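Laboratory data are not the source of any read-out in this text; all were calculated from the coordinates shown. Keep in mind the model is a prediction, meaning the values are calculated, not measured. Please note: Cβ atoms are built from the backbone with ideal geometry, for glycine as well, and neighbour counts cover all protein chains shown.
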Amino acid sequence: MGKAHQRGMMEITIKKMESDDEIRGKAYVHWKSWHEAYPGLVDQGYLDAMTLDKCEANAFRWPDNMMVAKDGDRVIGFVCYGNCRDEDLTDAGEVIAVYTLSEYYGKGVGQRLMRAALDQLNQSQVVLWVLKGNGRAVRFYEKCGFRTDGTEKELILKTPVTALRMMLKRQ
C-alpha cells in the first residue's frame, strides 16, 4: 500500500472531460449538487424539474471547456469555464460552474478544480456568479481570491433569485 493510502488521502485526479462515462458522471454531480446545495435558495419546483436525465442531456450537448475531478473511476466534481458572457467585461474569463459532491467538501477538490480552470483562462480578470445567500460558496470563492464587485442580476429559476458577481484580478 502506498503512503498516500496509509495516511487516508484520496487519489484524486483532475482532467479534461472526455469519455461518455465522464460526461454522465459530470451530469450526476451537477444534479446531485443542485439538490444538496440549493433547497431554500431556489424554488423547490425548479429543483424537482431538474432531473438527472435533463442534466445528462445538457452535459452531452455542451461538453466543451469542462474538467472533471475523479476519485478512481468515479467523477466527484467538475468545473466549466470560458470567456466571460457579461457585456461589460469582454476581455475577462469566467468560471461558469464548479461543483463537488458534498462528501468531498473541505478536501481541496474544489480548489484543485478552480486552479485547473484558472490555468486554462489567460485573462487578467476572471468572474463568476453565485446565488445571494449561498454563504458556503461565497466563502469558498473568497478563499480562491474572488471578491464581490457590487454587480447583481436577477435570474428566474421558476421564481426570481439574485446572483452576485465575484471577480478575481490577476497580475
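If you take every residue apart from ALA116 with its C-beta less than 10 Å away from the C-beta of ALA116, what net charge results, scoring Lys and Arg +1 and Asp and Glu -1? It would help to have the intermediate numbers written out before the result.
Details: positive: LYS15, LYS16, ARG112, ARG115; negative: ASP119.
Neighbour charge sum, excluding ALA116 itself: +3.
Counting DSSP beta bridges in the range 1-152, what percent are antiparallel, to the nearest 5?
On the way: 18 of 21 bridges.
About 85 percent, rounded to the nearest 5.
Let me know the Kirkwood hydrodynamic radius for the range 95-171, please, with Cα pairs as the basis and the value in Å to one decimal. The partial results should precede the final answer.
Working: mean 1/r = 0.0753 Å⁻¹.
That comes to 13.3 Å for the range 95-171.
Take every Cα pair under 8 Å in the range 3-169 that's 6+ residues apart, average their separations, divide by the length, and report that relative contact order as a whole percent.
Here the relative contact order equals 20 percent.
Report, in debye and to the nearest 20, how large the dipole of the chain comes out about its Cα centre when Lys and Arg carry +1 and Asp and Glu carry -1 on their Cβ.
Numbers: 25 positive and 24 negative charges, 142 e Å.
Here the chain has a charge dipole of around 680 debye.
Under the rule that an exposed site lies in a DSSP loop and has at most 12 other Cβ atoms within 10 Å, name the longest stretch of the chain with no GluC sites (Glu not before Pro) of that kind, not counting the sites themselves.
Numbers: sites that count: GLU11, GLU18, GLU87.
Looking at the chain, 88-171 is the longest stretch - no exposed GluC sites (Glu not before Pro) with at most 12 other Cβ atoms within 10 Å.
Given the Cα atoms of the range 67-133, and with Rh set as the inverse mean 1/r over their pairs in the Kirkwood sense, what is Rg to Rh to two decimals?
Here Rg/Rh amounts to 1.02.
Of the listed peptides 24-34, 157-167, what is their order by residue-averaged count of other C-beta atoms within 10 Å, with the highest listed first?
24-34, 157-167
Could you give log10 I(q)/I(0) at q = 0.10, 0.12, 0.15, 0.19 Å⁻¹ for the chain, computed by the Debye formula over C-alpha point scatterers of equal weight, without solvent?
-0.39, -0.56, -0.88, -1.39
Run lengths n ≥ 4 of DSSP H only: what is the helix-derived mean residue ellipticity at 222 nm for the chain, with -39500 (n - 2.57) per run over all residues, to the nearest 500?
-10000 deg cm²/dmol
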